Structures are given as structure tokens and as C-alpha cells.
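Peer 1: Sending over a structure as C-alpha cells; questions will come in a sec.
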Amino acid sequence: MEAPLVSIVIVCMNRLDNLYPCLEGVRAHTGVPYECFVVAYRFSPENLAKAQADFPWVNWVVSDEVRGFSENNNLALRQARGKYCFILNDDTEVREDVIGALVKDFDLLPPEAAIVSPRLLNADGSLQLCGRPPYPARYYVLQQWHLHKEPIDDTVGKTPLFGEVFATSNITGAAFLIRTEVFRELGWFDERYFFTPEDIALSTLVREKGYGVYVDRAVSLTHKWRTTATRISPAIRPAAVRGSLLFFSGGSPGKYFLLALPVWLAESAKRAKAALLLALHPSEERRIARDTYRNITRSIFTRKSPKQLFIRYFHG
């Protein structure tokens, strides 16, 4: 069987309302030979059977164990046959030949180019992200105190390499095209992390190995993350914060403490505010917020891994 040019990998956590528009967009607007993998994460038998029947051209990878973003993607990535891998969130909509355009970019990019990503738009058409600048550890701490906001457009003031393609530092895991041989060399996604910061960790490793990261401002897709907020944030967020602190501390216990203390103080303040709002005006949304911040503060100085924290609070 002839190998496809691109291997598309989508992880979906039993959300057919997200998955169907995503797959329909891929099918309608992809102009290069491809294979598509969907990792069906904790799908109900009914939803799995329906999706398999409705999209017979998809390669389905069933994932019923507790796994994070990295582990689930890696299940499919290890089967990829394409020259490129396109990682795509299920809560995205493709309305143009995004993949074909990014593949063409590689024909003009320097040989050391590893990743090129599209511009991401919010559901209302506003800009969500266009490349990502450097994100050192201090920015992460400041962001928890609302003292730093990551710029949404890393191309401002820069000169493009060609067309609308710019060098950038980091990608977002929602959508990017990467050379498969590079991805394989790097060991795919780092499974030490559970939900974040897999994308920044990958970008950092790519640059440390001498490869380049780019964004094409002329190519866009819609990422509906604000409209797909999950009720399992009390399990997701503690794992995410713990993973971020592990990444930014680089394995140093001293640096971990110096980063963790101000983050713990920030999350404690949010926890107190959430508890007060819940007491004054009870609602399910405020209960979720209270539980989320409570679980985060309990997890920052633990020795548990991000995955262990997710399992603890998901089943707790």
C-alpha cells in the first residue's frame, strides 16, 4: 500500500459533537494524500459504533485506559506512515486546505525546519494564536498572578521568511504539522506530562536539537476551546499545574520550590475567592471552580505525577 503524505492524528474524549465537524472539515478540505487516525478515548460502545459506521475511512484506535494528551497521541503516532504528522484537536474546524498549504511551506522552508503551524481563530473569528514567543519559567509564575499575558500574535514586527511564514518559538498542541522523522527521533510527545505543557516541551526540545519552528499567518482554522470547557477541570487542572512546574523547574528541587511557592499562593487566593462566591451564590459552575482550585493547592507540593493526580481527582 502506498504511504500517505500526511498522517492526521485526532484524540477525542467521547465528544461526537466535537469530532463530527472536525472530521467533516478534514474530509472536505484536505487536498493531499493522507491517512487519519482518531484515538477514541473512553468512548461509550454506542458512540464508538456510530462513529466507526459514519466514518469508515478513519483508522480508529481505541483507548479505554486512563491516558493523557501525550499518551493518547502516541498510540496513533507510532503507527503513522506519512512523511508528515498533523496533530489536530477534535474541537477544531477545518474550512480550507490547511494541511496542503502547510505541506507546501516545507518545500520553501530551510532543511532544518521541523514544525509549521497555522493561525488559530476563536469561534467568533477573532485571533486566538499566531505563533508563540519564548515562554520562560518566570512568565508562567507571573501568569498565575495575572501579571503576564502571552501575546496572541508572534508575527508582529517580524519579517517573514517568505509569503506569510514566520519563525516562532513555540506551537500549541491544537494544530501543527511536523516532519515524522523528526518527531520519531525526539521520541514523540513526552509522556511525563498529562495535559500540559506537552506542546511547549516539544517546541523546546525541537529547538534544542537545532530544528526550526514556524507559523503560516495566511493559513487558519477555528479552535473552539472556549466553548468546550469540561466539567473534569478539578482533575485536569491539578495535573496541568504539576506538569508545568515539573517542566519549568527542569528537574531541580530548589527551582521547583521557588516556582511552586508563588504559584501555590496565587492558587490559594483563587481558592478562597471561589469558596466565598460559592457560599454567597451557590451554583454548579462555582462548585467546580472551588473544587478545581482546592485540588490544585493540594497537588503543588505532592510527589505524585501529573497522571496520578488526574486519576486521584477523576475518580475521587
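Peer 1: Quick one: what pairs do we get from segment 150-174, first residue within 21 Å of A201 (Cβ to Cβ), second polar (S, T, N, Q), C-beta under 6 Å, 6+ apart or different chains?
Peer 2: That search, which allows pairs on different chains as well, returns D154/T168; N170/S203; I171/S117; I171/S203; A174/N89.
Peer 1: For segment 29-115, list the strands (runs of 3 or more DSSP E) that sit wholly inside it and hold at least 2 residues that are under 28 Å from T168 (Cα atoms), in contact with a strand residue (DSSP E or B) (Cβ under 6 Å, 6 or more places away or on another chain) and not aliphatic (A, V, I, L, M); which are they?
Peer 2: Ranges flagged: 34-41, 84-89.
Peer 1: Is it the case that G187 is touching a residue at least 12 places away in the same chain (Cβ under 8 Å), part of a loop (DSSP other than H, G, I, E, B) and of a type outside the set (D, E, K, R)?
Peer 2: Taking the combined requirement at face value, the residue does not satisfy it.
Peer 1: Related question: Given the structure, is L246 touching a residue at least 40 places away in the same chain (Cβ under 8 Å), at negative phi, outside any loop (DSSP other than H, G, I, E, B) and not charged (D, E, K, R)?
Peer 2: Yes: the conditions hold for L246.
Peer 1: If you don't mind, another one. Just to be sure, is S252 free of Cβ contacts under 8 Å to residues at least 24 places away in the same chain, surrounded by fewer than 17 Cβ atoms within 10 Å (Cβ to Cβ) and either of a type outside the set (D, E, K, R) or over 29 Å from Y20 (Cα atoms) (or both)?
Peer 2: Here the answer is yes, as S252 does meet what is asked.
Peer 1: Let me ask something additional. Report yes if G212 is in contact with a strand residue (DSSP E or B) (Cβ under 6 Å, 6 or more places away or on another chain), surrounded by 14 or more Cβ atoms within 10 Å (Cβ to Cβ) and in contact (Cβ under 8 Å) with a residue 24 or more places away in the chain, otherwise no.
Peer 2: So G212 passes the test.
Peer 1: Among E150, E181, which is the only one that is part of a helix (DSSP H, G or I) and surrounded by fewer than 17 Cβ atoms within 10 Å (Cβ to Cβ)?
Peer 2: Every option except E181 fails the conditions.
Peer 1: Only one of these conditions is not met by Y20: (1) surrounded by fewer than 16 Cβ atoms within 10 Å (Cβ to Cβ); (2) out of contact with any strand residue (DSSP E or B) (no Cβ under 9 Å at 6 or more places or on another chain); (3) over 21 Å from F195 (Cβ atoms). Which number is it?
Peer 2: Checking Y20 against (1) surrounded by fewer than 16 Cβ atoms within 10 Å (Cβ to Cβ); (2) out of contact with any strand residue (DSSP E or B) (no Cβ under 9 Å at 6 or more places or on another chain); (3) over 21 Å from F195 (Cβ atoms), the one that fails is (1).
Peer 1: Of the conditions (1) within 24 Å of G243 (Cα to Cα); (2) in contact with a Gly (Cβ under 6 Å, 6 or more places away or on another chain); (3) not aliphatic (A, V, I, L, M), D97 fails just one. Which one is it?
Peer 2: (1)
Peer 1: A further question on this structure: Just to be sure I understand the filter: pairs with C-beta atoms under 9 Å, separated by 6 or more residues or on different chains, first member in segment 58-84 and free of Cβ contacts under 8 Å to residues at least 24 places away in the same chain and crowded, with 21+ Cβ neighbours inside 10 Å, second member among the hydrophobic types (A, V, I, L, M, F, W, C) and not in a helix (DSSP H, G or I). Which pairs pass?
Peer 2: none
Yes/no matrix, rows are residues, columns are (1) at pLDDT 95 or above; (2) of a type in the set (F, W, Y); (3) under 28 Å from A137 (Cβ atoms); (4) surrounded by fewer than 19 Cβ atoms within 10 Å (Cβ to Cβ):
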residue: K273; (1), (2), (3), (4): yes, no, yes, yes
residue: L280; (1), (2), (3), (4): yes, no, no, yes
residue: E285; (1), (2), (3), (4): no, no, no, yes
residue: T292; (1), (2), (3), (4): yes, no, yes, no
residue: T297; (1), (2), (3), (4): yes, no, yes, no
residue: K307; (1), (2), (3), (4): yes, no, yes, no
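The values are calculated or read from the model by the stated rules, or taken from the named source; none is laboratory data. Every value quoted in this text rests on a predicted model; they were computed, and no experiment measured them. Neighbour counts are summed over all protein chains in view; Cβ atoms, including those assigned to glycine, are modelled from backbone coordinates with ideal geometry.
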